[in-house]
Amino acid sequence: MTLHLPALQAFRLIPSLSSSVCNFSVSSALAVKSPTEIPKKPLTPWVTFYAKNFPAFKKSYPDLPTGEVMRKVSHEWAKVPEQDKSKLKTLFQKEKETYAAKMAKVPEELIENVKAVKKTKKIERQNTQEKKELKDLLASLNKPKRPLSAYLLFCQDIRPRLTADGLVGTEIVRKMAVEWKQANTRNKELFEKKNEELVSKYVKELERWSKKMHEEGRNEEIVMAQSKVAKMRKTADEGKNAELAKAPSKDTKTAIKVVKMRKSV
């Protein structure tokens, strides 16, 4: 297949690529943005080339899967003259040395704390993804939805009136809470009874749905998805507990203050 993006155009990117590598890595990536962050590792020549060229290739081949586009970028990288690659590699080595020098000045405990925070955030993202996949699976299988509580049914009933009165956002939320608190027993009982009826209907629908899932052999798939969510939730909780246990000590806080003082001078 003939490339829509001329090879020459890709090669012309090399000079600007070299300068962009220098500017990005030295002035941005290696800079400590705040006392609670550690320097970022410099990008390798290939990663920098890929990041700079991928958007253009993706635009030229919008229907190709990402993997195929990556291969095309890789083929273009193979065509780059060794002389240009050598310059980029030399620049990369210098950036690695600068990175190592900056890392040597960062307190070890601070590094460990930052790593722990990043690990926790990664686990939370995975946890969110697992929850979404389970939710999408159950939705695709038409699992009955749990009914609203008596309070939410009440809120659903009065929201149109509050909106018509000109209330918005948190004003509506606060007003609904106040009106529910001030509602008389009889009014609340109406919504509680409606909730009980909906719960009774939900339980019956859930039993029928569960039976159907068993007959269709979908239970194992559902249980596996639920297990993933439970496992990720447990991992997330353990990570948070470990993070609290490794809260910055007095020495680390002092180190952070020192960094702040140096930056202000």
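The values are calculated or read from the model by the stated rules, or taken from the named source; none is laboratory data. Keep in mind it's a predicted model, so treat the numbers as computed, not measured. Cβ: placed from backbone, ideal geometry, glycine included. Neighbour counts: every protein chain shown. Quick note on the areas: whole protein, heavy atoms, side chains included, nothing else; ligands and nucleic acids left out. Shrake-Rupley method; radii C 1.70, N 1.55, O 1.52, S 1.80 Å.
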**Study point:** Matching residues in the stretch 91-122 - criterion: being within 27 Å of the chain's Cα centre (by Cα) and farther than 30 Å from residue 236 by Cβ
**Key:** 99
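Does residue 148 fit the bill of being touching a residue at least 40 places away in the same chain (Cβ under 8 Å), of a type outside the set (Asp, Glu) and part of a helix (DSSP H, G or I)? If you could, list the steps in order and put the result at the bottom.
On the way: touching a residue at least 40 places away in the same chain (Cβ under 8 Å): yes; of a type outside the set (Asp, Glu): yes; part of a helix (DSSP H, G or I): no.
So residue 148 does not fit the description; no.
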Check your understanding: What is the one condition in (1) surrounded by fewer than 16 Cβ atoms within 10 Å (Cβ to Cβ); (2) more than 30 Å from residue 112 (Cβ to Cβ); (3) at pLDDT below 90; (4) under 31 Å from the mean Cα position of the chain (by Cα) that residue 28 does not satisfy?
Key -> (2)
Check your understanding: Somewhere in the stretch 72-89, is a residue in contact (Cβ under 8 Å) with a residue 24 or more places away in the chain and at positive phi?
Key -> no
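How many residues, within the stretch 173-190, are assigned to a loop (DSSP other than H, G, I, E, B) and without any contact (Cβ under 8 Å) to a residue 24 or more places away in the chain? Even if it seems obvious, please write down each step before you answer.
Quick first cut of the stretch 173-190, residues assigned to a loop (DSSP other than H, G, I, E, B) only: 183-184.
The next check asks that each one be without any contact (Cβ under 8 Å) to a residue 24 or more places away in the chain; those that pass are 184.
Adding up the residues that qualify gives 1.
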Study note, to complete from the structure: With the first residue restricted to the stretch 193-210 and required to be within 21 Å of residue 141 (Cα to Cα), and the second required to be open to solvent by 60 Å² or more (accessible area, probe 1.4 Å), Cβ contacts under 8 Å at 6 or more apart or on different chains are 198/148; 202/145; 202/146; 206/143; 209/142; 209/143
